[in-house]
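Colleague: Questions regarding the structure given below will be posed in turn.
The values are calculated or read from the model by the stated rules, or taken from the named source; none is laboratory data. This is a predicted model, so every value here is computed, not measured. Ideal geometry is used to build each Cβ from the backbone, glycine not excepted, and the neighbour counts take in all protein chains shown. These area figures cover heavy atoms from the full protein model, side chains too; ligands, DNA and RNA do not enter into them. Shrake-Rupley method; radii C 1.70, N 1.55, O 1.52, S 1.80 Å.
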Amino acid sequence: MPEDSIDHQLQHVRERISNAEKQFGREPGSVRLVGISKTQPASAIRAAYDAGLKDIGENYLQEALPKRDELRELDICWHFVGKIQSNKTAAIAGNFDWVHGVDRMRIARRLNDQRPPELGPLNCCIEVNLSDEQSKGGVMPEELEELALAMAELPNIRLRGLMVLPATSDEFEQQRLPFARLANALAELQAHVPGLDTLSMGMSADLEAAIAEGATMVRIGTAIFGARQPLQR
Ligand SMILES: *Cc1c(COP(=O)(O)O)cnc(C)c1O
């Protein structure tokens, strides 16, 4: 996608977010936009950055690292939003500011142990499996509290909240259901675990429904960067 259209699309996404904040009684500016740039070239990320986007999310480590390296002089906050393989945790812990898809203690402990201390605690969200997941990942709701309590003890992890990747739907009311369930799960956890402030939910097709249900971070790919490029892996 040409760079001036990335700028244009980004402004459009920002308008959708602020309209949804208004419509659903959310505080203006309370929803943080993370641009998901999987399969997009570094030049596309740079164009979005120049248009004011500072949060960038990637799914595939082997694709993310060269882009991150190429853009290292930019003040980007890097989010890892993909599936986490245990042999990749060291590189994730060393190269990202946020990890959205933690779903088991084994992974959390490795991220904790491998986080370079000089970078400070790694911001993490727990991915919850609310059935019909696109990703098939995520902790089952009945195991969520135990995982959250254990993760909250890890000194190099800062547990921030929850993330969900639900099956897509064209129906607004249908889209709201998993987001409402995730918001409820966070509210329950907040009674037991301090410092939770993040609901990472909502993508290009359903960001309004996510904001209606309390999203604090939306993860937007195609609406900013256009259709994904064929994967080079
Ligand atoms: C690809 C991806 C997104 C962005 O999806 P779009 O529909 O392109 O906005 C968000 N979150 C995760 C975890 C993804 O893998």
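Colleague: If you take every DSSP beta bridge fully contained in the chain, what fraction is antiparallel? Give it as a percent rounded to 5.
Modeller: Working: 1 of 27 bridges.
The answer is about 5 percent antiparallel.
Colleague: Just how many pairs of Lys in region 1-103 have C-alpha atoms closer than 28 Å, counting pairs that are eight or more places apart or on different chains?
Modeller: Lysine pairs satisfying the spacing and distance rule in region 1-103 number 10.
Colleague: Can you tell me the relative contact order of region 46-97? Whole percent, Cα pairs under 8 Å, sequence separation 6 or more.
Modeller: 42
Colleague: What nm distance separates the two modelled labels at GLN190 and SER86, each placed 7 Å from Cα along Cα→Cβ?
Modeller: Label at GLN190, label at SER86, 3.4 nm between them.
Colleague: Next question, about the same structure. Just to confirm my numbers, what's the Cα centroid distance between region 1-54 and region 148-173 in Å?
Modeller: Between the Cα centres of region 1-54 and region 148-173 lies a distance of 21 Å.
Colleague: Which percentage, to the nearest 5, of the DSSP beta bridges contained in region 1-125 is antiparallel?
Modeller: Counting only bridges with both partners in region 1-125, antiparallel ones make up about 0 percent.
Colleague: List the relative contact order of region 21-107 as a percent without decimals, with contacts defined as Cα pairs under 8 Å and 6+ residues apart.
Modeller: Contact order relative to length: 23 percent.
Colleague: Roll a 1.4 Å probe over the protein chains and send me the accessible area per residue for region 97-233 in Å².
Modeller: I get 47 Å² per residue for region 97-233.
Colleague: Compute the signed sum of charges (Lys and Arg +1, Asp and Glu -1) over the other residues within less than 10 Å, Cβ to Cβ, of GLY195. Kindly include the intermediate steps, with their values, before the conclusion.
Modeller: On the way: positive: ARG158, ARG160; negative: ASP197.
Local net charge: +1.
Colleague: Taking 0.36 nm per intervening residue step and subtracting the Cα-Cα distance, what contour gain separates ASN156 from ASP97 on full extension?
Modeller: Taking ASN156 through ASP97 to full extension adds about 20.1 nm, to one decimal.
Colleague: In the chain, which helices (entire DSSP H runs) extend 18 Å or more along their own long axis, judged by Cα positions, while averaging at least -0.5 on the Kyte-Doolittle scale?
Modeller: Helices meeting the span and hydropathy rule in the chain are 172-190.
Colleague: Please compute the contact order of the chain in relative form: average sequence separation of alpha-carbon pairs under 8 Å and at least six residues apart, divided by the residue count, as a percent.
Modeller: Details: 448 pairs, mean separation 50.5, N = 233.
Relative contact order here is 22 percent.
Colleague: Once every DSSP H run of n ≥ 4 in the chain is given -39500 (n - 2.57) and the sum is divided by its residues, what mean residue ellipticity at 222 nm do you get, rounded to the nearest 500 deg cm²/dmol?
Modeller: About -12500 deg cm²/dmol.
Colleague: Another question, if that's okay. Using a 10 Å cut-off on Cβ atoms, rank the peptides 179-186, 83-90 from the highest mean neighbour count down.
Modeller: Taking the mean over residues of other Cβ atoms within 10 Å, the ranking is 179-186, 83-90.
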